[in-house]
Amino acid sequence: MSSPRVEIDLDKIEHNTRTLVRLMTRRGIDVTGITKGTVGLPPVAEAMVAGGAIRLGDSRIANLERLRDAGIGVPLMLTRSPTPQECQRAVACAAITLVSEREVIAALSAAARVRNRAHQVVIMVELGDLREGVLPDHVVELAREITRAGHLSLVGMGTNLACRNGVTPSLAQMTTLGELSTTVRRELALPLPLISGGNSANVTWALTEDDRDLPKRHAITDLRLGEAILLGTDPVSGNPLPGLHTDAFTLVASVIESLRKPSKPWGDQGRNTFGPVAEAIDVGPINQTLLSIGRQDVDPDGLTPPAGVDLLGASSDHLVLRTPDRLPPGAEIRFGMDYPALLRAMTSPYLAQDFSRPRVPA
Ligand SMILES: *Cc1c(COP(=O)(O)O)cnc(C)c1O
């Protein structure tokens, strides 16, 4: 396999899923595996299912269509509201959609009627991070709207924290979500089995909750986990989660130039294409090594270079490193990635993907 590429260790993804599923099951919580970090790549989705994810979710309809076309057997959840115009596509691939707007509810119901089967929806509730979701006061009204729509089945409620403003999930918000679901159950006589408490930022909270030997303090029955499965990290702190692999993904890129050069630029200096340039400190000549990937392919701030190698800068198509020695063109350098770096790397058409185990045709 030639570089540049992302190496993907499916066994580590399966292990991370299995570990999280075991920990969450003890707390009465199912795991929905979120696949958008790898643009709905079927082998990654299959590794999540093999690890015990009971369903898969993605924010993008195109990714869910990819999963469906690959023959993935578990139910699919659309985790970002479709536009009214997208509802036909949404109900064709997703079993469950997360919703917060009346117009979308009406369009989903109309699309479900055409397909002649009830589409499941989950009401998203705004609990402080200020991204998607209706305010708690409007939940019952929206729930009524859904039951009246005719072709929708309200199966639960959910919330999403941390992604926009870093609001940390805690028992307080989970209790609010639980109380709201109790109200809706009572007012509308619905079972609401799916109480989806959030994303990978909820794992740290969930681990502090008592396991099955003690009474459950919360109403949460589901978490939607992407980053924790893929990278083994907590999105809020960036810290590794216990027992999980943090190196399932490796970026590999090749040297195109490695020359001994001064460490300080010369000539008049302004900004570069991507903004202001930090002033370089003159440390004398260094081994400056160029790799043939750049900001179009990765987020340089999210890369972890090998020990002894420093990432000095990046432009559209180059990464600039300081290496202990000069390296021959064609030599490969390997990096760890954080979630933003992974997202961009998986989205770059210039990076190949190399799976650690043979891909079984679906
Ligand atoms: C992306 C997303 C998730 C998964 O987030 P991670 O931090 O990767 O676990 C869950 N829910 C929603 C609504 C999302 O958009």
The chain, accessible area per residue, ligands and nucleic acids excluded (1.4 Å, Å²)
46 Å²
What part of the accessible area of the chain, given as a whole %, is carbon or sulfur when the probe is 1.4 angstrom?
51 percent
Kirkwood hydrodynamic radius, computed over distinct alpha-carbon pairs, for segment 66-108: how many Å, to one decimal?
10.7 Å
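Nearest 20 debye, what's the magnitude of the dipole of segment 37-176 about its Cα centre given +1 on Lys and Arg Cβ and -1 on Asp and Glu Cβ? Could the numbers behind the result be given before it?
On the way: 14 positive and 13 negative charges, 76 e Å.
The dipole of segment 37-176 has a size of about 360 debye.
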Relative contact order (%) - criterion: Cα under 8 Å, at least six apart; region: segment 119-178:
41 percent
Separation of alpha-carbon centers, segment 226-273 and segment 137-191, rounded to whole Å
38 Å
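Taking a temperature of 25 °C and a viscosity of 0.890 mPa s, what whole-number D in µm²/s does Stokes-Einstein yield for segment 142-202 with Rh from Kirkwood over alpha carbon pairs?
195 µm²/s
Percent of Cα-Cα pairs more than 21 Å apart in segment 225-362, please.
Details: 4747 of 9453 pairs.
Cα-Cα pairs of segment 225-362 separated by over 21 Å account for 50 percent.
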Give me, ordered by chain and number, the residues 5 or more places off residue 74 or on other chains with an amide H under 5 Å from its own placed amide H.
none
For segment 235-305, just the Cα atoms, rotate onto the principal axes and tell me the three extents in Å, largest first.
50, 26, 26
Spelling it out for residue 355: with amide H atoms placed in the peptide plane at 1.01 Å from N, the residues 5 or more places away or on another chain with amide H under 5 Å from its amide H are 8
Using a Förster distance of 45 Å, how high is the FRET efficiency between residue 348 and residue 175, based on the Cβ-Cβ distance and rounded to 0.05?
0.60
Could you calculate the FRET efficiency of residue 130 with residue 325 from 1/(1 + (r/R0)^6), where r is the beta carbon distance between them and R0 is 41 Å, rounded to 0.05?
0.25
Please report, in whole Å³, the volume per residue of the convex hull around the C-alpha atoms of the chain.
153 Å³
Segment 77-135 - Rg and Dmax from Cα coordinates, angstrom:
11.2, 37
Give me the mean projected area, in nm² to one decimal, of the convex hull enclosing the Cα positions of segment 44-150.
7.2 nm²
For segment 253-264, what does the Karplus curve 6.51 cos²θ - 1.76 cosθ + 1.60, with θ = phi - 60°, yield as ³J(HN,Hα) per residue in whole Hz, taken in order and with x for Gly and Pro?
9, 10, 6, 10, 7, 8, 10, 7, 9, x, 8, 10
By what distance, in whole Å, do the Cα atoms of segment 181-296 stretch along each of the three principal axes, largest value first?
73, 31, 24
Computed Rg/Rh of segment 298-356, alpha carbon atoms with Kirkwood Rh
0.95
Please check which bits of segment 299-317 a label hung off residue 280 would reach, taking the label as a point 7 Å along Cα-to-C-beta and the cut-off as backbone N under 20 Å.
300-301, 305, 308-317
Where in segment 160-186 does the amide nitrogen come within less than 20 Å of the point 7 Å from the Cα of residue 208, taken along Cα to Cβ?
160-179
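The values are calculated or read from the model by the stated rules, or taken from the named source; none is laboratory data. All values reported here derive from a predicted model rather than from experimental measurement. For neighbour counting, all protein chains shown are included, and Cβ atoms are generated from backbone atoms with ideal geometry for every residue, glycine included. Only protein heavy atoms, including side chains, enter the accessible area calculation; ligands, DNA and RNA are left aside. Shrake-Rupley method; radii C 1.70, N 1.55, O 1.52, S 1.80 Å.
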